[in-house]
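The values are calculated or read from the model by the stated rules, or taken from the named source; none is laboratory data. What you see is a predicted model, and the numbers here were worked out from it, not measured in a lab. Please note: Cβ atoms are built from the backbone with ideal geometry, for glycine as well, and neighbour counts cover all protein chains shown. Each accessible area value is taken on the protein alone, full model and side chains, heavy atoms only, with ligands, DNA and RNA left out. Shrake-Rupley method; radii C 1.70, N 1.55, O 1.52, S 1.80 Å.
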Amino acid sequence: MTSASYKPGPHTATLVDELARLRAGEPVGNALLDLARAGRLEVEHLRRLVGVELQCHIAELTAYGTLIGRFPHRPAAGLFLDVGRLVYDAHPKLRACAFALDIPEERFYRWPTGPAAHAFPGLISWTALHGSLADAAFGLYADLTAYFPGCSELLTQVGALDLKVPEEFAAYYEGGESEEMNDNTLDVVEHGIVHGDDPARALASARTVDEHIGRFWAAAAGSDG
């Protein structure tokens, strides 16, 4: 979501509408929530989620640093600094969550393995190296607007199932979307398109992020698809 007073630029407004249309018409599934809704979610799935997320953090921190190096100007650099800081500040909380879930430290950043677990880290790394500014920023918008609502729904389902999870798990996953960050992300998308980036390619990038977040949830659910 964006803030009620925010008005995206004309190119970005069209992209946001088109992404919403694609998400409604061809939704990407969430295998972890499917398990929860069927009453089959177990703490081991949540352990896998944290394990996958640890690997994503390392890729994200490297990716945002790379993007700052490639686009060291306003408003791009400020956005990637902010989101990099968000991940950096969250990382100790995620490690605490992993310890609380009895994941051995020697498995951090190495477990789970497989294509689904490596999909999102691979995508964000590729985009940081090869994507346009609009690709990276609209992909980030897709990430923020898919991941955080998924986390919120997961916590609701965990509570409904009365799963016994450590406080650290709820503390990590209860944070929601930042409307200000969403707004800033769209400003960078508009900046990139105004300066020559291809909007169709940016939309494809966002949609690919949706698909890879689907694989992120699948990895946590134990599916390697």
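Mind pulling the angle between the C-alpha long axis of helix 10-25 and the longest principal axis of the chain? Nearest 10 degrees, somewhere in 0 to 90.
40 degrees
How large, in percent, is the carbon and sulfur part of the accessible surface of the chain at a probe radius of 1.4 Å?
Details: 5730 of 10440 Å².
It is 55 percent, rounded to a whole number.
Using a 1.4 Å probe and ignoring any ligands, DNA or RNA, find the accessible area of Ile103 and quote it in Å² to the nearest 10.
Solvent-accessible area, nearest 10 Å²: 10 Å².
Could you compute the FRET efficiency for Arg110 and Tyr6, with r as their C-beta to C-beta distance and R0 at 41 Å, rounded to 0.05? Before the final figure, lay out the partial values.
Details: r = 40 Å, r/R0 = 0.99.
For Arg110 and Tyr6, the calculated efficiency is 0.50.
Which whole number in µm²/s is D for the chain by Stokes-Einstein, with the Kirkwood Rh taken over Cα pairs at 10 °C and 1.306 mPa s? Show your work: numbers first, answer last.
Values: Rh = 17.8 Å.
Value of D from the Cα-based Kirkwood radius: 89 µm²/s.
Note down the magnitude of the dipole of the range 91-215 about its Cα centre, charges +1 on Lys and Arg C-beta and -1 on Asp and Glu C-beta and zero elsewhere, to the nearest 20 debye.
Details: 8 positive and 20 negative charges, 117 e Å.
Dipole about the Cα centre, nearest 20: 560 debye.
At 0.36 nm per residue, and after removing the present C-alpha to C-alpha distance, how many nm does the segment from Asp17 to Glu179 gain when stretched out fully? Spell out each step's value before the answer.
On the way: separation 162, 0.36 × 162 = 58.32 nm, distance 1.69 nm.
Extra length from Asp17 to Glu179 when fully extended: 56.6 nm.
If one computes the Cα centroid of the range 170-225 and of the range 123-137, what distance in Å separates the two points?
11 Å
To test your reading of the geometry: what angle, between 0 and 90 degrees and rounded to tens, separates the Cα axis of helix 133-161 from the longest principal axis of the chain?
Compared with the principal axis, the helix lies near 30 degrees.
Evaluate the distance, in nm, between pseudo-label points positioned 7 Å from the Cα of Glu26 and of Ser152 along their respective Cα→Cβ axes.
If labels sit at Glu26 and Ser152, their model points lie 2.6 nm apart.
When the label point is put 7 Å from the Cα of Ala171 along its Cα-to-beta-carbon vector, which residues of the range 70-95 have a backbone N closer than 14 Å?
Residues passing the 14 Å test: 90-95.
Give the accessible area for His130 in Å² (nearest 10); use a 1.4 Å probe, count only protein heavy atoms, and leave out ligands, DNA and RNA.
Near enough 100 Å² of accessible area.
Where only protein heavy atoms count, and the probe is 1.4 Å, what is the accessible area per residue for the chain in Å²? Intermediate results must be reported in sequence, preceding the final value.
Numbers: 10440 Å² over 225 residues.
With all protein chains present, the chain gives 46 Å² per residue.
Just the Kirkwood number for the range 2-74, please: inverse of mean 1/r across all distinct Cα pairs, in Å, one decimal.
Values: mean 1/r = 0.0614 Å⁻¹.
That comes to 16.3 Å for the range 2-74.
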